[in-house]
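Asks: This is the structure I have questions about; it appears just below.
Where a number appears in this text, it was derived from the coordinates with a stated rule and is not lab data. From a predicted model like this one, the values you see are computed outputs, not experimental measurements. Neighbour counts are summed over all protein chains in view; Cβ atoms, including those assigned to glycine, are modelled from backbone coordinates with ideal geometry.
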Amino acid sequence: MIRVALVDNEPLIRSGIMHALSVAEDIQVTTQSTVFDALKMVQDDPPDIVLIDCSIAEAVELCAGWELSKRPRVCALSSSSREEDVSFALASGSVGYILKNTAPEQLPLLVRSLSEGWTVTSPEVGHSVTASFQHEYLRHASTAPIDRLTDRERAILVLLACGLSNGEIGTRTHLSLGTIKDHVRSILSKLGVPNRLQAAVLADRAGLMAPQLATALHTTAAGRRGPIAGGS
């Protein structure tokens, strides 16, 4: 038997969840309470699963007060699908995030998955979390080569990406033309790209191109040059 505790400040919400779980013969709602009473309730009669309204500011703090040796699996309940709310709940130790508009017939399945050790989320939340992870992974992947550059090489990359020639970069940095050429070759090698254009794309993706700086430098170079040359 899976023992479940419901923690929500709204009696109607607790009643609805209890009714949705009552159809499952292997799930028993042992108790229900407000967030304020949750800590004492769980300590007195530890359940297997706690479904708790995480929209209450004190909810996560209360969860953190439970002794780890006796702590049940805690799953957040919420009406918010905002990425920051989901991230905060999961980072605070919740093993799931279930929206309050979840279809009642899905609740027993989600509770069973929780009891088996799975992390569960409502479909909309799952898609959001996956998309966020993919975005962060791609962002890191696109900026990783930039981390190989020295501070001076980054500065030269920004100037290069704004369309300045090697001579113009040398004038701005007070370095010789030969030194700039060496730096450019090093930059292309470290970034693993064959030409200046692709180096500029990586600089933009990595967020190195501050709009004000890019506009100023582009204006300086405009009219004197064509598109960025392909060679180094």
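Asks: Amide H neighbours of Gly96 under 5 Å, at least 5 residues apart or on other chains, H built in the peptide plane: list them.
Replies: Ala76, Val120
Asks: If r is the Cβ-Cβ distance from Val201 to Ser176 and R0 is 25 Å, what FRET efficiency results, to the nearest 0.05?
Replies: 0.35
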